[in-house]
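Accompanying notes for the structure given below.
What follows draws every value from the coordinates through simple rules; no lab data is involved. None of the values given here were measured: they were computed from a predicted structure. Because the Cβ atoms are built from the backbone with ideal geometry, glycine has one as well, and the counts that use them run over all protein chains shown.
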Amino acid sequence: MHPDKVCRENVRCLTDLPNIGKASAADLVLLGILHPQQLIGRDPFQMYRELCVLTHQRHDPCVIDVFIAITRFMAGEPAQEWWKYTEERQEILRQSKAD
């Protein structure tokens, strides 16, 4: 769902989350996430790694941005478009490679 249309009080299923459609919801189910509340406290980078392992393929790194958006939303932050997190994700990955 587009972030502008999300009302936190009405989030009941995965597709009620900002930036989540049927395909992304299916990815979350693969990760064992069936309800939005199960995103609280999850690490979006770890979720991405698990998804890649489970599907035996490397997914587009933008999936991490979506995971950041939804985990932060469920932690209480405002709903944001997934691409708002692209630069942050790129910087985190750059720093982790430098370590």
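Descriptive notes on the structure:
- Flag if GLY41 is in a loop (DSSP other than H, G, I, E, B) and closer than 20 Å to ASN10 by Cβ: no
- The set of residues in region 1-21 that are in contact with a Ser or Thr (Cβ under 7 Å, 6 or more places away or on another chain) and either charged (D, E, K, R) or buried (at least 18 other Cβ atoms within 10 Å of the Cβ) (or both) is empty.
- Here LEU51, LEU28 are screened, and the one residue that is part of a helix (DSSP H, G or I) and touching an Asp or Glu at 6+ places or on another chain (Cβ under 7 Å) is LEU51.
- Among residues of region 30-84 being among the small types (Gly, Ala, Ser) and without any contact (Cβ under 8 Å) to a residue 60 or more places away in the chain, the one that is surrounded by the most Cβ atoms within 10 Å (Cβ to Cβ) is ALA75.
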